[in-house]
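Each value in this text was obtained by applying a stated rule to the coordinates, not by laboratory testing. A quick note: this is a predicted structure, and the numbers were derived from the prediction, not measured. Cβ atoms come from the backbone with ideal geometry, glycine included; neighbour counts cover every protein chain shown.
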Amino acid sequence: MIEVIDEFYSANLAQDTMRGMKENVNRGFFNGGIVPFGYRKVKVAIGGSQKTKLELDDIEAPIVRYAFKMARDGKGSKEIARVLNSDGLCTRTGKLFGTTIINYWLRNPVYTGALVWNRTDRTNERPLRKPMEEVIVIPNTHEALVSIDGFNLVQALLSDRRPYVRHPRVVASKYLLSGFCYCGKCGAALIGTAAKSGKYSYYECNARFKKGREGCEGIRLGKDNLEGFVVDRIKGNILTEENLRQLVALINIELLETSTRCEKQLIQTEKQLTQTSNKLTKLYTALESGKLDLEDLAPRIKELRAHQQELQKQRDHLLSSVNSEASESLDTDTVIGYVKELEQILGEAPFLQRKTFIRSFV
């Protein structure tokens with residue numbers, strides 16, 4: 001009963017809290033969280049309580065205005081980040097600007113003077129975006145950094161100019177080397193990108209893509225060129241006849257060593273089996289002669305029988321291993337035949353099979 005009351009109280013408390021926060025934002029007050037770049041929090045006295053509102057930050061606000069101006073002039077988020085970084089500007093934490101934060105600014109209605117609240121459902125393990133009809137947008141709650149018309153113009157331009165970057169799940173279906181190629185300059189992952197037309201595909205440093213040349217000076221590599229280079233290297237440096245002959249020799253040595261170990265273990269197990277059988281024979285003899293009672297011998301006989309059965313299983317397993325290792329020695333010509341099949345996989349197999357194959361070498 002107490003648990004039911006607690007659950008009911010908690011549910012009502014949550015509803016009351018949400019109701020209070022909705023009322024707070026409807027009155028133009030900031031509910032908390034990370035303050036948008038370009039603003040700072042100020043306390044205002046309302047009745048007998050203190051409320052929070054947003055006001056322009058003298059240092060950050062001009063940066064956001066500059067970003068919107070560049071966007072209206074037709075620059076994309078990557079170019080805007082590059083310009084800000086080259087001007088020596090940085091985030092609150094002293095880091096370079098990237099496309100993620102620039103896109104966040106350019107698409108956030110807060111810079112039109114509106115408070116936006118209840119965008120995310122955090123009741124699940126992973127936060128989810130709520131439908132727009134559930135999002136609360138209250139206009140004219142603080143000083144704007146961009147007009148409504150200017151903001152809408154930027155949205156249209158962004159939609160037209162947006163770089164064609166695929167979601168990781170989509171990239172995985174096209175880019176053979178995605179997930180394990182890294183920039184030689186800065187170490188960031190290479191991501192799959194495409195020209196606006198979608199005709200040409202590339203691998204590009206993620207740091208350079210997000211932050212421009214200030215983030216990294218690494219070059220963009222053509223998808224076909226890089227993938228072809230890796231495939232040719234696998235064929236030319238790994239799947240060669242000489243390498244395979246060496247591989248066959250090493251594998252056969254390992255098989256022989258394994259077989260030898262199994263034979264030694266088998267001899268030891270056979271010895272233990274003989275010893276256990278002899279012990280059981282002595283106990284049976286003592287029982288038949290009447291020297292000892294069954295009640296005295298039964299526990300020991302049971303223990304030895306269990307040990308005997310375990311040793312027999314171990315012996316059978318070792319026999320199987322010895323026979324298997326002896327019959328599995330590799331023939332070089334057979335392996336070379338397999339290589340032809342592997343080369344065919346690299347050239348003709350379905351994408352996922354080729355990608356899995358390459359990951360085993362790269």
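Run the numbers for Ile148 and Asp232: contour at 0.36 nm per residue of separation, minus the present Cα-Cα distance, in nm.
Here the answer is 24.8 nm.
Could you tally the net charge around Ala61, taking each other residue with its Cβ under 10 Å from the Cβ of Ala61, Lys/Arg +1 and Asp/Glu -1?
That sum, taken over residues with Cβ under 10 Å, equals -3.
Which distance in nm do the two modelled labels at Ser289 and Lys271 give, with both placed 7 Å along the Cα-to-Cβ direction?
About 2.8 nm separates the two model spin labels.
Mind checking the full-extension length gain between Gln308 and Asp58? Use 0.36 nm per residue of separation minus the Cα-Cα distance, one decimal, nm.
That pair, Gln308 and Asp58, stretches by 81.4 nm at full extension.
Answer with one residue from Ile59, Tyr39, Asn108: the one whose Cα lies farthest towards the positive end of the charge dipole of the range 32-111, charges on Cβ with Lys, Arg +1 and Asp, Glu -1.
Of the listed residues, the answer is Asn108.
Calculate the FRET efficiency for Tyr182 and Lys264 from the Cβ-Cβ distance with a Förster distance of 51 Å, rounded to the nearest 0.05. Don't skip to the end; give the middle numbers.
Details: r = 46 Å, r/R0 = 0.90.
Step by step, r from the Cβ atoms, then E = 0.65.
Which order do the peptides 236-246, 99-109, 53-63 take when ranked by the mean count of other beta-carbon atoms within 10 Å per residue, highest first?
99-109, 53-63, 236-246
Hey, with R₀ at 51 Å, roughly what FRET efficiency would Lys199 and Asn118 work out to, going by the Cβ-Cβ distance, to 0.05?
Working: r = 41 Å, r/R0 = 0.81.
Approximately 0.80, to the nearest 0.05.
Report the calculated FRET efficiency for Asp73 and Lys41 (r = Cβ-Cβ distance, R0 = 45 Å), to the nearest 0.05.
That gives a FRET efficiency of 0.90.
With Cβ to Cβ distances under 12 Å as the rule, what net charge do the other residues near Ser49 carry (K, R +1; D, E -1)?
Surrounding charge for Ser49 is +3.
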